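What follows is one structure encoded as structure tokens, with my remarks underneath.
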Amino acid sequence: MLFALIKKELLALIRDVHGLAALFLLPTVFIIIMSLALKDVYSPPVKSLPYAVENRDNGKLAVTLVEEWEKRHGKPQKYSADGKPPDNWKAAVQSGKLSYALVIEKDFSNVIVDEKLADGIRVRLITDPGLDGSAFAANKAELVMIASEMRAQALLAMSRTQLAQQSQMIQQAQQARRQPAVQPSQPPSPKASDVPVTVTAQALVDSERLAAGSRPTAVQQNVPAWLVFGMFFVVASLSNLFIQERQCGALARLASLGVPIHVMIWSKAIPYLWINGLQAALMLAVGVWMMPLLGGDALSLQGINWGALALVLLGVSMAAISMALALASLVRTSAQAATIGPVVNILMAALGGVMVPKFVMPDFMQKISEFSPMNWGLEGMLDVLLRGSDMAGVVQPVSRLMGFAALMVVATAILFRRRVN
Amino acid sequence: MLAIENLAFCYPQTEKPALSGVSLEAARGQVLGLLGPNGAGKTTIISHLSGALQVQQGSISIDGLPLAEVRRKTPTRIAVAPQEYAFYPMLTVSENLECFASAGGLGGARKQQRIKECLAFAQLERFAATRGERLSGGLKRRLNLAIALLPEPELILLDEPTVGVDPQSRAFLLEAVKTLANNGAAVIYTSHYMEEIEAIADRVVIIDDGKVLCDGTLAELLGGGETQVRMAVDGVDETRLRALLEGFGKVDSLKAEWRVSLVQDKTASALLAAVEAAGGEIRYAEFGRNNLEHLFMALTLRSLRD
């Protein structure tokens, strides 16, 4: 019975050309267009990114650096309730809550004013792989610039002090010999002028962008985003057929033949699980093989945890299908389904970071974004594709997606029964 | 086979009951014609039998067992061919039959056999590979019927199965329905076409306003063959005319129309001659056996329902 109803659902879907186009063509086109469009051009929103600072030096110049960074980027986030910094900044940043962490190592204040500029990294910039490449580069350049400016000012101040001291010494010597003042024929500070001094602090700054063996690109960002969006688009075709069979009485006929409600629901869910699987395979293939042919960057799947990817995709698929079933059971007409389904999808995509990256949004919008199932799916995909998460690492987004799916299934069962009758 | 007793039902958030005290029976081998104007309660009765509505008051039984129990244990004993084309337009005729046969619990060789038999019964073999949406109105009706017959139901509910079909398809469908009853099924047939009911129904139930107005065989309902005269007369006052007509039989009047059911020894020609002799000017006159439409209109009155 279930197999026959699944076959019916698949046949109906295969013969719905527009529905197929919406499911497969739309997200593919989005991936291609957005990846190419964002390949080189991007205005990094570096001023509003959530970040944390750990000052291990606490010298005067280290405090100045932190103050200067705060002036430009706002107040940093607290690391924890007790104020204790995490043992591992990489793990903290990879969790996705921070865009980057700024760690100022001990002795920074001394090293930065040392003319010889001792070897060794004194400032670390640890960045989330989900952050756009341009934003990462801008932050790094700004940090080097601030540190270099501080070093230049400090060296200049030292040089002035030395000059003043030498000048004073010469005057004192002349006065002592009661000789008229002579113009020094040599520069007063052979030490300052003869020895070349490195002004830039670039050597002190280390910047690292975490990733699972691959560098984030526009493709790496857009494939998961539009794949999640496309998977949620099953609502259109699923609700369309559901309303059609409800209106023509086929659903009532199935019920009168004794087909249980749960079989009717499963017969709709299972084909769309396959469809979502196909969508995922197609979108990933477009990213890996098609984008380079079109002149874009290739999606890299090297080193990712395939189990984690499958788990996230299953979570997204279940959330998408259950929401589609609930919406299809809720609406009364095809016109309502054709309007409400896409509107809900687009709103969730806009809020969830698919259309506009979450880190671009202001704080309150980022908080709202966390209520969008598409955001849970997208974060899960980014965890796997960019942050190198394993199955344990995607438990949180997958749990949210599964919980959402469970709620939607309960709503579907209640609404479905009412609609069938 | 089917017995409905004192069935009453009220839809949520409505004060007027859709059914009140409806009782009727359908027997194997017979066609029960269920007649009623729009909103009379026919669909509510069918919805009860198809399992879409639960009994609120009264009882429905199949061979002495409560309907709910029969539906739970053997839902395919009762089949409904709704007024809508209740199949998948994007699937072919045979795909539709396959889908609903499996939904009805048929499998293997038995399923294939029933699909073949139902295709043959509805004469749809030539259209087996045609999609439902590309069938003509008559073919769609035949597919609707074929799907209903797949699980070999004992009670078949046909809700206006000939709406929108050509005369040839209608004749075919009526013949098919009669065949089903002759093969032993109990058939409940609703229609607004009185001549169809007269052609195939063994018993007729007329309902209106949620109540049964009459229930019996056609012969019982149509007055056992007595002649009725219907006419409109000017020039004679109402009291005098009624007195005159009552000498010929039972008299009813509806607005300007007089109806006289002639007693055994009176004739229509004598009645008309007597009216003219009394100075009456006959505007029109009809006479003959009563028919179902007259009975239906007389019972349900002529006011529009929608």
_Rounded to the nearest angstrom and ordered from largest down, what semi-axes does the equivalent ellipsoid of the stretch A:241-386 get from its C-alpha gyration tensor (root of 5λ)?_
33, 20, 14
*From the backbone phi of the stretch A:106-111, what are the Karplus-calculated ³J(HN,Hα) couplings (6.51 cos²θ - 1.76 cosθ + 1.60, θ = phi - 60°) in whole Hz, Gly and Pro given as x?*
4, 6, 4, 5, 7, 5
*Karplus couplings for the stretch A:331-345 from phi (6.51 cos²θ - 1.76 cosθ + 1.60, θ = phi - 60°), rounded to Hz, Gly and Pro as x?*
6, 9, 10, 5, 4, 4, 5, 5, 8, 5, x, x, 4, 4, 4
*Shape of the stretch A:315-421, Cα gyration tensor, a/c cut at 1.5*: oblate
*What does the charge dipole of the protein assembly as shown about its Cα centre add up to, to the nearest 20 debye, if the Cβ of each Lys and Arg holds +1 and the Cβ of each Asp and Glu holds -1?*
2160
*So what J values fall out for the stretch B:28-43 if you push phi through Karplus, 6.51 cos²θ - 1.76 cosθ + 1.60 with θ = phi - 60°, rounded to Hz, Gly and Pro as x?*
4, x, 10, 9, 9, x, 10, 10, x, x, 4, x, 6, x, 4, 5
*asked:* From the helices alone, meaning DSSP H stretches of at least four residues, give me the mean residue ellipticity at 222 nm for chain A, per-run term -39500 (n - 2.57), in deg cm²/dmol to the nearest 500.
replied: -19500 deg cm²/dmol
*In nm, give the distance between the simple-model label positions of residue B:236 and residue B:274, each being 7 Å from the Cα along the Cα-to-Cβ direction.*
0.8
*Under the definition of Cα pairs under 8 Å and six or more residues apart, what whole-number percent is the relative contact order of chain B?*
21
*Looking at the protein assembly as shown, send over the antiparallel percent of its DSSP beta bridges, to the nearest 5.*
60
_Degrees, to the nearest 10: B:108-121 long Cα axis against longest axis of chain B_ = 30
*asked:* Over the stretch B:44-126, what is the relative contact order in percent, taking alpha-carbon pairs closer than 8 angstrom and at least six residues apart?
replied: 17
*By a straight-distance test (C-alpha under 27 Å), which lysines pair with residue B:266 as possible cross-link partners, with residues fewer than eight away in the same chain excluded?*
B:250, B:255
*Lys/Arg Cβ at +1, Asp/Glu Cβ at -1, dipole of the protein assembly as shown taken about the Cα centre: which of A:202, A:80, B:190 is farthest positive-ward?*
A:202
*Using amide H atoms built 1.01 Å from N in the peptide plane, name the residues 5+ places from residue B:212, or on other chains, whose amide H lies under 5 Å from its own.*
B:23
*Computed [θ] at 222 nm, helices only, for chain B once each DSSP H run of length n ≥ 4 contributes -39500 (n - 2.57)*: -10500 deg cm²/dmol
*Arrange the following residues from fewest to most other Cβ atoms within 10 Å of their Cβ: A:245, A:54.*
A:54, A:245
*What angle, in degrees between 0 and 90 and rounded to the nearest 10, separates the Cα long axis of helix B:137-149 from the longest principal axis of the Cα atoms of chain B?*
70
*Note down the magnitude of the dipole of chain A about its Cα centre, charges +1 on Lys and Arg C-beta and -1 on Asp and Glu C-beta and zero elsewhere, to the nearest 20 debye.*
900
_Between 0 and 90 degrees, rounded to the nearest ten: what's the tilt of helix B:167-182 against the longest Cα principal axis of chain B?_
80
*Rounded, prolate or oblate: pick one for the stretch B:5-75, where a ≥ b ≥ c are the square roots of the eigenvalues of its C-alpha gyration tensor, a/c under 1.5 means rounded, and failing that, prolate if a/b is larger than b/c, else oblate.*
oblate
*What full-extension length gain, to one decimal in nm, is calculated for residue A:116 and residue A:371 as 0.36 nm per residue of separation minus the Cα-Cα distance?*
86.5 nm
*asked:* Need one number: nm distance between label points at residue A:262 and residue A:410, each 7 Å from Cα along Cα→Cβ, rounded to one decimal.
replied: 1.6
*asked:* So if I place +1 on the C-beta of Lys and Arg and -1 on the C-beta of Asp and Glu, and nothing else carries charge, what would the dipole magnitude of the stretch A:60-112 be about its Cα centre? I want it in debye, nearest 20.
replied: 180
*First obtain the Kirkwood hydrodynamic radius of chain B from its Cα pairs, then insert it into the Stokes-Einstein equation at 10 °C and 1.306 mPa s, and state the resulting D in µm² per second as a whole number.*
73
_Cross-link pairs beyond the 26 Å C-alpha cut-off, checked among A:7/B:111; A:60/A:358; A:84/A:106; B:73/B:140_ = A:60/A:358; B:73/B:140
_Taking chain A and dividing mean pair separation by its residue count, relative contact order in percent (alpha carbons under 8 Å, at least six apart)_ = 20
*For residue B:39, which sequence-distant residues (separation of 5 or more, or a different chain) have an amide H within less than 5 Å of its own amide H, given hydrogens modelled in the peptide plane?*
none
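A short reminder: the numbers here are calculations on the coordinates, not readings from a lab. None of the values given here were measured: they were computed from a predicted structure. Quick reminder, even Gly has a Cβ in these numbers, built from the backbone with ideal geometry, and neighbours come from all protein chains shown.
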